[in-house]
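The structure appears below as structure tokens.
Rule-based calculations on the coordinates, nothing more; no lab input. Just so we're clear, the structure is a prediction, and the values are computed from it rather than from any experiment. Cβ coordinates were reconstructed from backbone atoms using ideal geometry, including for glycine residues, and neighbour counts include every protein chain displayed.
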């Protein structure tokens, strides 16, 4: 018993049965204590003038202001000196810290800021550079041809294609039964051939594309035959028959020569093989085929005829006898001779028709849909694209016999070039794409620098004027 009592006394002494209190107060207790605590705000008294306040309380108990004492001149001078040195505070409040920069003082008269001069000079230089760039984009289009060649006995027939300008910079011209080749670089003229039959005459010529030497020339005749000539050797390489009437149009697609005839058919000749007639198109036209043009990628052939139709043929049809064209465009109201594929937009074909129609039409050849149509006011005999700009040149007949330059795709007229006294029968473009050649029913060939690049336009214009003066001062040059 005594031992148990001692243990009980010890437990009571140590308070082992009491609740253990934590030293860290719980969160609610801390928040309650903070909320319960309060105090009054005691401002700092370091800046307060207690002596002056006590004096006023003791001497002005009635609430009246103490009369202001007048200071002597010596005191005022002393106070002014102390104020200037910042030793005594001024009675008037003043700002010490300014957050806005002070305005700069006005510059003296005649002062010039160098930075402003530099900025102005740079701006002027930029403006001059911009204006010069704008000036470069504007090109001069001469109104007169740069050269005129006489072409006597040039047949005045709307359906024939008598002039071609090859990649070798040589111009082939058919005058009656004779074909002449004029070298545009040297000015030399060579008589290539004369047909033996007195009743025969040349109806079409076409250079083999891509040749830079003397090259090879295809010649279609009124007798229905097509000949391939070696220009350097001035001899024929082969004769290819297949038509029952005159061959009015020729067009190359690599080694395939397509010929269109008055018999309304188109024959494809492979000039590499003995059996040259590898295919034909016999069901597209009902009258003379007077225009042929292969697309730049060689996938489609466009043909125009005297039946007012434009037929589109796939390149896959060149190896077979085709009865039906891929597409037939029948919106023209006159014979369609002028055909030209756009070099800027794939599948865009320009077509022009005769006097009863007088329109230039733009087509999406892939879909067969018309993109635009413009009434030119006269017969459309030939078309040629500007390879440098989106422009189309057209040759016309009565009444102006002019060449017209159009902006593609709006077909806004840019300029008319006049000089021919007869209708423009054919158009072709130089290999560098700067000069257009027109053959007219007035038996002249005229060279126009209408496609000249902007940088060379003024120089070419001066050369054109010089050449015209030289031509007018003496006997005109002749193609033969």
Report the calculated FRET efficiency for residue 199 and residue 347 (r = Cβ-Cβ distance, R0 = 35 Å), to the nearest 0.05.
-> 0.25
In nm, the gap between the two label points placed 7 Å beyond Cα toward Cβ at residue 79 and residue 245 is 12.6
In nm, the gap between the two label points placed 7 Å beyond Cα toward Cβ at residue 183 and residue 212 is 1.7
Once you have the Cα-Cα distance between residue 321 and residue 5, take 0.36 nm times their residue separation minus that, and quote the gain in nm to one decimal.
-> 100.4 nm
Quick calc: nm separation of the 7 Å Cα→Cβ label points for residue 233 and residue 432 -> 3.2
Figure the gain on full extension for residue 355 and residue 55 (residue separation times 0.36 nm, minus the Cα-Cα span) and round it to one decimal in nm.
-> 95.9 nm
So if R0 is 30 Å, what FRET efficiency would residue 375 and residue 157 give, r being the distance between their Cβ atoms, rounded to the nearest 0.05?
-> 0.75
Using 0.36 nm per residue of separation minus the Cα-Cα distance, give me the extension gain between residue 367 and residue 272 in nm, one decimal.
-> 30.9 nm
Once all Cα-Cα distances of segment 161-399 are split into 10 Å bins that start at 0, what whole-number percent is in each one?
-> 8, 33, 37, 20, 2
Ordering 324-335, 185-196 by per-residue average of other C-beta atoms within 10 angstrom, highest first, gives 324-335, 185-196
First measure r as the distance between the Cβ atoms of residue 140 and residue 169, then evaluate 1/(1 + (r/R0)^6) with R0 = 30 Å and state the FRET efficiency to the nearest 0.05.
-> 0.80
